[in-house]
Amino acid sequence: MAGSRPSSSSSSIVSLPSPSQPLASRLLLLLTILPLTLAGFAFVLQWRGGLTDPVSRWSPDHHQFPGMETFASSHSSSRTKGSGCADILGRSNSPSFPYFNNWKFNFDSDPKPRISITTSTSAGLEQTLPWIFYHKVIGVSTFFLFVEGKAASKNVARVLESIPGVNVIFRTRELEEQQARSRIWNETWLASFFYKPCNYELFVKQSLNMEMAIVMAREASSDWIIHLDTDELIHPAGAHEYSLRTLLADVPGNVDMVVFPNYESAVERDDIKEPFSEVSMFKKNYDHLTKDIYFGNYKEATRGNPNYFLTYGNGKAAARIQEHLRPNGAHRWHNYMKSPRELKLDEGAILHFTYPKFSDLTSRRDRCGCKPTKDDVKRCFMLDFDRAAFIIASTATEEEMLRWYRERVVWTDHDMKLKLLRKGILSRIYAPMVIVQGLRESGVFINTIAMAQSNLTELSSAGDSSEVSKSGTISSRKIGQNRESVATARRILHVPDDIFHPPAVPPQSPPSLEAFQVDR
């Protein structure tokens, strides 16, 4: 009898009642309908604005970039007339980042820390406007533009003056007279650069402009000041929300100067028109690489050029505004009363767009009257590549120049790029490109030009705008009215004898392979 029980149990399992089958079907149907219902509910909420699109977190409504809010684009239909920048600064045919539409910068806010940038430039609007507004996006509030050439022309200057936070200083006779009285001429730290042409003359001019910018930045209640060229963008890598303001806010209070190592653009075409929105590949600085990686790939990264970088490799610095601050050349700052405490960033960098356009060869040549000989270029240019570029631009045909440019500047070897990208020598950096493209798509550049033109009559009726513009800009004529310059008045300052005043830091090439071999 016991042996018959398994058979009886097996028989009972086979004959389970059929109602379990509808239960399984209902469970399967529920599992199918529930996700569809949730998806539909989420779609309705998203459509009605109840949920946050992760991509839209980059929009101005969420203040991911400082100092911005949405506004109605009342000038979106405006178009400039007679502007040579329309093609480059206007909207492109296809949208690149639609979440940047209708940007407006909130200039009434009081951001901390307040950051100023000073520059000496002769560039046109096609370069200057993207440069200004990019830095506004990452947190810069005030700009001091010492303008000459194209940048000082009537049409360009009026547009620059119309931008809140931008101070335009023209190089007038009054400005030169005031700078001629600067204490710098009586000191030794810049003396080796005096009375030399081309790059040396520019270096002295930049230093004198930086000295004046310190005074203006203090009057503007700035906390930090940075000297930057208009072919350079600050890359606040490692900071929350890609914010320079956040980056500098986290700097310890006892640090006087923050050094940004520079990366150099590695262009991949010879027909670049707008470098800020067309170049995404950069060569990293020695300070952000290991010694083995840097020197192990030095020859391949140099590609037959004199140095690892085409031009300088010692970065730029931000200085905390404080008493007795002075420039120490275009790349550094110093203090008359102490040696500044310096911090070098591990991630943040200056993106230097070096010879990104083929036309840069001839434009640099046209700004310098030196003879195209090896001896003469040494007294005009500080770096070897600048000397070689000047000679080739002065002596070669257009075809020879283009061939030289492709060999020395343009990165066309796909396998080599891939290898150096994997090694970390080259790096893809897209944030500046996306921001500039987004600004262009939003109409910021074209609307700025249009609004400046629409205000032309109002500015003219208000009198000479070079005195004081409606945007609060400072002109050199206004500065020049103060016959006793602030810099001259500071000569009475007693400087302790034990304070060491190092010579100005010039643009310097990165470490060379020869120096490494000698050290070993």
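Overview of results
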item	result
Those lysines that a straight Cα-Cα span of less than 18 Å connects to LYS112, excepting residues fewer than 8 apart in one chain	LYS136
16 Å Cα-Cα reach of LYS371 towards lysines, excluding residues that sit fewer than 8 places from it in its own chain	LYS196
Ordering of 131-144, 379-392 by burial proxy (mean other Cβ atoms within 10 Å per residue, highest first)	131-144, 379-392
Separation of alpha-carbon centers, the range 351-369 and the range 274-318, rounded to whole Å	18 Å
Gyration tensor (alpha-carbon) shape descriptor, the range 308-435, a/c threshold 1.5	oblate
Per-residue HN-Hα couplings for the range 215-229 [Karplus 6.51, -1.76, 1.60; θ = phi - 60°; Hz; x = Gly/Pro]	4, 5, 5, 5, 5, 8, 6, 6, 9, 9, 9, 10, 9, 9, 8
The range 245-396 - Rg (one decimal) and Dmax (whole number), Cα, Å	18.0, 53
Cross-link table LYS154/LYS316; LYS357/LYS423; LYS299/LYS423; LYS374/LYS419, entries beyond 24 Å C-alpha to C-alpha	LYS154/LYS316; LYS357/LYS423; LYS374/LYS419
Note, ³J(HN,Hα) from phi for the range 323-337, Karplus 6.51, -1.76, 1.60, rounded to Hz, x at Gly and Pro	4, 6, 5, 8, x, 10, x, 5, 9, 9, 10, 8, 9, 5, 10
When the range 232-304 is reduced to its Cα atoms, the Kirkwood hydrodynamic radius in Å	15.0 Å
Extension reserve of the LYS154-GLU514 stretch, reckoned as 0.36 nm per residue once the Cα distance is removed	124.6 nm
Probe 1.4 Å, all protein chains present, accessible-area order of ASP360, ASP415, largest first	ASP415, ASP360
Given charges at beta-carbon only (K, R positive; D, E negative), |dipole| of the range 202-307 in Debye	260 debye
Chymotrypsin sites (Phe, Trp or Tyr not before Pro) lying in DSSP loop within the range 151-218, provided at most 15 other Cβ fall within 10 Å	PHE194, TYR195
Amide hydrogen neighbours beyond the local backbone of TYR263, cut-off 5 Å, H modeled	ILE350, LEU351, HIS352
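The values are calculated or read from the model by the stated rules, or taken from the named source; none is laboratory data. Quick caveat: nothing in here was measured; it's all calculated off a predicted structure. Methodologically, a virtual Cβ is constructed for each residue, glycine included, from the backbone with ideal geometry; neighbour enumeration extends over all protein chains shown. These accessible areas exclude ligands, DNA and RNA; they are computed on the full protein's heavy atoms, side chains included. Shrake-Rupley method; radii C 1.70, N 1.55, O 1.52, S 1.80 Å.
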